[in-house]
1. Below 13 angstrom from the Cβ of Arg124, what's the summed charge of the other residues (Lys, Arg +1; Asp, Glu -1)?
2. Multiply the residue gap between Ser102 and Asn12 by 0.36 nm, knock off their C-alpha separation, and tell me the result in nm, one decimal place.
3. Can you list residues whose amide H is under 5 Å from Gly80's amide H, if they're 5+ apart or on another chain and H is modeled 1.01 Å from N?
4. Let me have the relative contact order for segment 1-58, percent, based on Cα pairs under 8 Å that are six or more residues apart.
5. Under a no-solvent Debye model with one identical scatterer per Cα of segment 1-117, what's log10 I(q)/I(0) at q = 0.13, 0.14, 0.22 Å⁻¹?
6. Could you estimate the translational diffusion coefficient of segment 85-131 from the Stokes-Einstein equation, with Rh from the Kirkwood formula over C-alpha pairs, at 4 °C and 1.567 mPa s, in whole µm²/s?
7. Grab the DSSP H runs of the chain that are 4 residues or longer, score each as -39,500 (n - 2.57), total them, divide by all residues and round the 222 nm result to the nearest 500 deg cm²/dmol.
8. Once the other residues with Cβ under 15 Å from the Cβ of Gly61 are scored (Lys, Arg +1; Asp, Glu -1), what is the net sum?
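Every number here is computed from the coordinates shown, using simple stated rules; none is lab data. Keep in mind that what you see is a predicted model, and the values were worked out from it rather than measured. Heads up, the Cβs are rebuilt from the backbone with ideal geometry, glycines too, and the neighbour counts pull from every protein chain shown.
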Amino acid sequence: MKLTEEMKDCVNHNLCYVATESDEGKLDLGPKMSMQVLDDSHLMYYERTAGQTYRNLEANGKICIAAANLEKKIGFRFYGKVVLHRDGKIFEDAQRYAETHSLKKPTVVPVIEVTEIQYLDPARAGKDYEG
């Protein structure tokens, strides 16, 4: 699924929330301040706490991300599968970025392949993006 420039801007300039589910069906929801666009079909963030969200991703790799801009009244919901990067270029770049910006280094970098997108703005809420 290809992200539009509007979607990329929404992710890169707003707080995103991540929802995951454990194998027992318990939901987890939390903000991810480091969420960013990796390329036209992938999002990524720096997992620093390695808490419940991380454990859920490790167990099943399923994720839903919500990004919304209240002022512009636009938003998107991104569904996808996660690959956890614990080494390699993506992980090393994240480690360097954290170090140079005095941030806590990530334990792992989840990279999300976006497989489905829905709108969250009032006029189209819940409708699938067909792009």
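1. Values: positive: Lys73, Arg77, Lys127; negative: Glu6, Asp121, Asp128, Glu130.
Once all neighbours under 13 Å are counted, the net charge is -1.
2. Net length gain for the segment: 30.4 nm.
3. Under 5 Å from the amide H of Gly80 lie the amide H atoms of Ile63, Thr115, each far enough along the sequence or on another chain.
4. Averaging sequence separation for qualifying contacts and normalising by length gives 32 percent for segment 1-58.
5. -0.47, -0.55, -1.30
6. Working: Rh = 13.2 Å.
It diffuses with D of about 98 µm²/s by this estimate.
7. Calculated mean residue ellipticity at 222 nm is -6500 deg cm²/dmol.
8. -3
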